[in-house]
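Laboratory data are not the source of any read-out in this text; all were calculated from the coordinates shown. Here the structure is a predicted model, which means the values were calculated and not measured. Neighbour counts are summed over all protein chains in view; Cβ atoms, including those assigned to glycine, are modelled from backbone coordinates with ideal geometry.
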Amino acid sequence: MSTRSAPTILGLCFVFFLFGLAIFAPLLAAYCPYSVELERALRPPCREHFFGTDRLGRDIFSRVLFGARVSLAVGVLSMLLAIGIGTSIGAVAGYYRGITEAALMRLTDIVLAFPTFFLILLLVAFFEPGFWLVIAVIGGTGWPATARLVRAEFLRLREADFVAAARLLSASDARIILRHLLPNALGPVLVSATLSVPAAILTEAGLGYFGLGVQPAVPTWGNMLREAQNYFRHAWWYATFPGVFIFLTVFSFHLLADGLRQQLNPGRWRGRLLA
């Protein structure tokens, strides 16, 4: 293992570890994350409660595990929505050019002109906060960067010889886009997708902190931080463990994205596909 690849492998291992915790949370959690026992409130970390308990006596370790399920689900599903929208818009704009490109890119610029987090706050304020709404607003506002990346790749590739050969063979536009251009533009898309997950998790945590994300008593790392904000001085564990998991998750995804960026540079990626 080279020195350069070590951080990437570390990030990948921790990402798999997090998903393992989320998937097997019901087996790993020693207590029900919703069980309220006031006599155990604000106990520090101990043998019975690895991460201590919260103000209602709920086991923080169990809530962190189940919170990983929600936070990672929001991150992944929001990423899939954003990547789907961005890739579609970028592909159409980059391939057809002209009025189509101008209209789609102006739409992209309009979305980019608004501060994303405040736009999300505005949308959430008009509707009842919930799991699917959070995914919809994060994914529905996170696609412009991907759209620009895909458009740039399509503009670079649309005049390549293999695309001209496909046109000479009377290939349809859909076939050229899906079979020839899109696979060769996947490098930047994969990097963008990897970076979209921690961005969505941070946004969800911010919404949860303001009480506009997934609502209690469903545990997420964001709303756990919100509940802990008044107890930090005399119950340091309350906010520390959800915060540490947010930090490690974002950090590991960024390590993974950096490694993908080095491995899937346009020249190397294109050479592998066209060999």
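Values computed for the structure shown
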| read-out | value |
| --- | --- |
| Contour excess over end-to-end distance, with Cα ends at residue 103 and residue 174 and 0.36 nm allotted per residue | 23.6 nm |
| Contour excess over end-to-end distance, with Cα ends at residue 264 and residue 39 and 0.36 nm allotted per residue | 75.6 nm |
| Among (1) 20.6; (2) 22.6; (3) 18.2, the entry derived from the coordinates for Kirkwood radius over Cα pairs in Å | (1) |
| Gained length - residue 215 relative to residue 24, 0.36 nm times residue gap less alpha-carbon distance | 66.5 nm |
| Unit Cα scatterers, Debye sum, the range 70-208: log10 I(q)/I(0) for q = 0.09, 0.19, 0.22 Å⁻¹ | -0.31, -1.02, -1.23 |
| Gaussian network model of the chain, springs between alpha carbon atoms under 10 Å - residue of 150, 36, 92 with greatest fluctuation | 36 |
| Exposure proxy order (Cβ contacts within 10 Å, fewest to most) of 143, 221, 132 | 132, 143, 221 |
| For the chain, built as a Gaussian network whose Cα springs stay under 10 Å, the top-fluctuating residue of 43, 226, 106 | 106 |
| Alpha-carbon centroids, the range 76-128 and the range 155-222: separation in whole Å | 11 Å |
| Contact order normalised by residue count of the range 83-196, Cα under 8 Å, 6+ apart, percent | 40 percent |
| Label-point separation in nm, residue 118 to residue 10, each point 7 Å along Cα→Cβ | 3.8 nm |
| Most fluctuating residue given options 198, 219, 44, as computed from a GNM of the chain linking Cα atoms under 10 Å | 44 |
| Length-normalised contact order of the chain in % [C-alpha pairs under 8 Å, at least 6 apart] | 26 percent |
| Point-to-point label distance, residue 96-residue 127, nm (Cα→Cβ direction, 7 Å offset) | 2.6 nm |
| Value of relative contact order over the range 196-249, rounded to a whole percent, pairs C-alpha under 8 Å and six or more apart | 29 percent |
